[in-house]
Every structure is written in C-alpha cells, then in structure tokens.
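What follows draws every value from the coordinates through simple rules; no lab data is involved. All values reported here derive from a predicted model rather than from experimental measurement. Virtual Cβ from ideal backbone geometry, glycine too; neighbours counted across all protein chains shown.
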Amino acid sequence: MTSLQQAWAALKPRLKILEPLPFSSGHWSLLERLRNNFNDREAHTHLPMPIARFREAASKAIYEHAKQFDDVTTVAVDDSWRVEKFSGGAPDTMANHARLYNDDVDEMMGVLVPAARYRKGHHSYGKFTAPQPHGLHSDHSAEDPAAAGEPICIARIETLGTHYLAGDYRAYDPETQSMLKALRYWIAVPEGEPENVLDELLKRETLKTIPVNHVMLMVAGNGSEKSQVTQHIAARPPDGGSHSAFFQRQYKLT
C-alpha cells in the first residue's frame, strides 16, 4: 500500500458527512499523477471522477431541508459567511450542512492534492425551475488570471445531476465542436436546436452525467497548455421544477 493509499484509508473516521470511495488501480495511478503535478493535461482528460459519497442520513437531511423552499437560494462561502453564520447563535440548517461538507472536502484535498488551498465556493438549494440550463461552461479564476488548472469539488444532492464533457476536448471532430457551440451559447446550429443537441450528445456519451450524492473532483481555473478545465452543464429540471442542493468548493495551488 502506497503512502497515498494509507492516508486515504485513514480519512474515514475524520469525516463528518462524507465517505471516501475505494479506487481502482487505474484511478490510484491517476491520483498519484495529480498529487505530484496537478497540471497534467492528459490526466485531466480522465476527470471528473467521484472521490466520495454522502452518508445516507446526510443526503436525506439536506434534501428534506431543500424541499422546504420554492425559490433557489445561492450563498457564497467566504470569511464574511463564516462570521455571519457561526459567530454567536445557532447557524441555519443549510449553513451547517455546508460547513460539514467544506470541512470534509478540505480533509480529502489535503490528502489528494496537498498543494491545494481554498479559493472560493458556494452552495445553492431550493426548487430549481430554470426553463433552460446555464450553458456549457467551466469554472474560472477571474481573480487570478495567471492561474492554470485548479482542483474543484462539486456535489449535487438527490436530483439534477450535472452533465460534463468527457475525454480529450482537442480530439473532437468539427461536427461535435459545432454541437458544443449550441450548448455553450444555447443557440441553434446546423446540427439542430440546443435541446436536441443535448439529448444527442448524452446518447453518444460525449456528455456524461455526474452521479448525485457524490463528490466529484474536476478541474477549474483559466486553462493552459498544461491543463484541460472541465466543461459542464446543469441537467434541465422537469416541468414544474425539482428540489435539490448543490455544493461547490474550488482551490488554488500553492
């Protein structure tokens, strides 16, 4: 057992709402590469990958709380959030769930990518009803233009799993590139309307879907020759909307 595997095995008792997943030999090799040099573009083409699941009681509690709201609340997680939510008095229910998620993900990233330090994050919860998704996009680091690829962990609770672009983006043929333009800007292209393009790319598995109630390791940042920043798009809610919660935590490299 490698030192990374030993450190990962020792994590479980320290986590509050997450359970670290076991990895295949191929995933261990990938994680070793990312640990030694996170900006490994070829390794990025194999992300996202699930690294943990929510404990059943935690995902159920988060989902039940989200179901109490018919609007979506989005909360940025920064120093002022901690002061507001945790300095005197009892924090609100979702803030407490978010803090436990954040602390657990920080513990995991301390093992998987020791050079990672928290940059920014947010969480959203309530009833998602947007008729069309936020287009295909990546998570940038506008506050740090020099940043290349950076670790980011996201999770979606119970419903509306996020779709992501799989494989090496440079290898896509012109037709696929055109179809991706439809999703990026939510416009019609020669291959069809964006709704139909989305369905077709899911059928082809050019787009894959992140499993709910799991923490996914992806790539954020501004991109470079040495990185491939993960592109993703939210699943479309059904007519009438769907309750869910979403957590995101992004890191800079030191």
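If you go through region 57-75 and keep only what is of a type in the set (D, E, K, R) and surrounded by 12 or more Cβ atoms within 10 Å (Cβ to Cβ), you end up with K60, E64, K67.
Listed conditions (1) on the phi > 0 side of the Ramachandran plot; (2) buried (at least 22 other Cβ atoms within 10 Å of the Cβ) are all met by F247, apart from (1). Applying the criterion of at least 3 residues that are free of Cβ contacts under 8 Å to residues at least 60 places away in the same chain to the strands (runs of 3 or more DSSP E) found wholly in region 1-99 leaves 73-76.
Go through region 174-210 and count every residue that is on the phi > 0 side of the Ramachandran plot and among the β-branched types (V, I, T). Before the answer, list the steps.
Of all residues in region 174-210, those on the phi > 0 side of the Ramachandran plot come to 186, 192, 205.
Narrowing further to those that are among the β-branched types (V, I, T): none.
Selection size over region 174-210: 0.
Just for region 76-113: of the residues that are out of contact with any helix residue (DSSP H, G or I) (no Cβ under 9 Å at 6 or more places or on another chain) and of a type in the set (A, V, I, L, M), which one is farthest from P151 (Cα to Cα)? Out of the qualifying residues, it is V83. If you go through region 165-197 and keep only what is assigned to a helix (DSSP H, G or I), touching a helix residue (DSSP H, G or I) at 6+ places or on another chain (Cβ under 7 Å) and free of Cβ contacts under 8 Å to residues at least 60 places away in the same chain, you end up with M179, A182, L183, V197.
Yes or no: region 209-228 includes at least one residue that is loosely packed, with under 15 Cβ neighbours inside 10 Å, touching a strand residue (DSSP E or B) at 6+ places or on another chain (Cβ under 9 Å), assigned to a loop (DSSP other than H, G, I, E, B) and of a type outside the set (A, V, I, L, M, F, W, C). Scanning region 209-228, I find at least one residue that is loosely packed, with under 15 Cβ neighbours inside 10 Å, touching a strand residue (DSSP E or B) at 6+ places or on another chain (Cβ under 9 Å), assigned to a loop (DSSP other than H, G, I, E, B) and of a type outside the set (A, V, I, L, M, F, W, C), so the answer is yes.
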